[in-house]
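Heads up, the thing below is written out as structure tokens.
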């Protein structure tokens, strides 16, 4: 897939015919339809999916009267395409909203348009950002209220809850379709209700094998802009995140109470879900979402309360996705089906019916990658842009200060939340923070049943299965692309104004910095080079991770006590030597920056506590090891020589 950024998805030759499953049972109909989207809500953070019951009591209670889907996936790891799929019943390729400048085709009929045509009152209250007007999400809503003027500190349900409840009361005797959206669980996590923050921060913070990743993240502008650098432990971040989930749950509870008090709850169709999940260093790289297509960011909660609580307590373990939402709402409300929708009614699936699609396709423009779940496998295709581009644009790493006296990083430009150009420097060739290999670049094949965490890439071991999934993705993509071309009306692409750009940047999205032709040419060159020399983790990386975990435990102790014990100093000395042992065990001087970064960080940590490590022998050892390799590396590929100490 060697194409330009604005056209990264290749056109495939094969095609398939997709059908919409016929309803096997006459729907009962419902005059009350409520769709609630809690942005960035990871399924496992709800009690019904395994979290502590104090986080989401209202949603958990609703789930007991609903159908719960355990294997629901999103179509994208970010907000805009996911919501477009919810409201159109089309995957992201079919509706075409795969990048910030795309909008839903005018020939596609949204849920609100369907309901409005049948006499329903329609309203939406959203938190803004990528769930704002201009992308076509607003089509068919008589009320589409967003976070205007933009208030970063109040992006949850509380901003619009009272107006929502008032609107519901005023239409007590009318059928209505209500769509609600919030950023309660979205970063920054520290913006929840202060009372909830205090309560959840009183939880015990335990040690996690992923804690050390937080230190690495402090070198990325993305983490700092989202407030993630305030955390040094996974549990601390999850406690704040759960406080946002609890705040969203409290609002959902009030919506449900209003439906009950108005006598509409029993016959109401209520769907609670999320547009995508959130990664908490599940696969390295970052907190957040948008770049990867692993299940930690694609799996979403999905709770469907049918009229009269039909099938209450049922759990469905088969594959479904967000494309199935729109057909479900039409079916259960008794509206005619839309033959162009690709999904199936979740109500019919819960009753034992057959889903029209045996797969789920997802994609992200951030890495120009698509993925397919089918036949027990998860396939992630090759990226159409080089990792260096994704890393620079979406997380913007900076050269660790400890390395700046040894090596000057490569310069690249990005925009801050106000649209002001900033210069970041990072030694791309050495990649000391190890970000490039964290990105999915080459094809991946995971077996879902035996490897739910997607740790073992079977692409090389199962070439026949790989080819089958590759061909299936090509065929499905082509069919969806053909559907999109039939819907496309030639409308100009979406243009973001300065206020919208600021909103999106404050939410952590990289928008408004399109590359010029020269940059695209350079990306083409980098892509070709990356395919020849793909970013791969260094040998024995588990040893390095174990050392990082040990050092981070000392770092946490230093932060808590303000000083280092003799045992802690001894541990740092052992870890510093271990880093050099690791480097020498690789037999490859290209990894010297990884070792040097850790060595000088250990020195600075001890120095901050008033101690001085005798690290001169380690630096001499590093220099002797690296020197022979420097002569072998082509220009720009070698590691910088550390100074003699």
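The values are calculated or read from the model by the stated rules, or taken from the named source; none is laboratory data. As the structure is a prediction and not an experimental result, all values here were calculated from the model. All Cβ positions, even for glycine, are placed from backbone atoms using ideal geometry, and neighbour counts span all protein chains on display.
Numbers at a glance
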| quantity | calculated |
| --- | --- |
| One residue from 309, 261, 318, 356 being within 30 Å of residue 441 (Cα to Cα), surrounded by fewer than 22 Cβ atoms within 10 Å (Cβ to Cβ) and more than 20 Å from the chain's Cα centre (by Cα) | 318 |
| Among the candidates 137, 111, 165, residue that is over 22 Å from residue 503 (Cβ atoms), at pLDDT 95 or above and under 28 Å from the mean Cα position of the chain (by Cα) | 111 |
| Complete set of residues in region 156-188 that are touching a strand residue (DSSP E or B) at 6+ places or on another chain (Cβ under 9 Å) and either surrounded by fewer than 13 Cβ atoms within 10 Å (Cβ to Cβ) or more than 25 Å from residue 123 (Cβ to Cβ) (or both) | 174, 187 |
| Matching entry among 384, 371 (being crowded, with 24+ Cβ neighbours inside 10 Å, outside any helix (DSSP H, G or I) and at negative phi) | 371 |
| Flag for residue 272 being touching a helix residue (DSSP H, G or I) at 6+ places or on another chain (Cβ under 7 Å) and under 30 Å from residue 120 (Cα atoms) | yes |
| Residues being part of a loop (DSSP other than H, G, I, E, B) and out of contact with any helix residue (DSSP H, G or I) (no Cβ under 6 Å at 6 or more places or on another chain) - total across region 391-409 | 7 |
| Options 446, 412; residue that is in a strand (DSSP E or B) and surrounded by fewer than 21 Cβ atoms within 10 Å (Cβ to Cβ) | 412 |
| Qualifying residue in region 590-597 (condition: over 24 Å from residue 206 (Cα atoms), at pLDDT below 90 and outside the structural domain of residue 229 (by TED's automatic domain parsing)) | yes |
| Members of region 618-645 found to be under 14 Å from residue 602 (Cβ atoms) and at pLDDT 60 or above, listed by number | 618, 619, 622 |
| Total residues in region 53-110, condition in contact with a strand residue (DSSP E or B) (Cβ under 8 Å, 6 or more places away or on another chain) and assigned to a loop (DSSP other than H, G, I, E, B) | 11 |
| Residue in region 324-347 that is at negative phi, assigned to a loop (DSSP other than H, G, I, E, B) and in contact with a strand residue (DSSP E or B) (Cβ under 7 Å, 6 or more places away or on another chain) present | no |
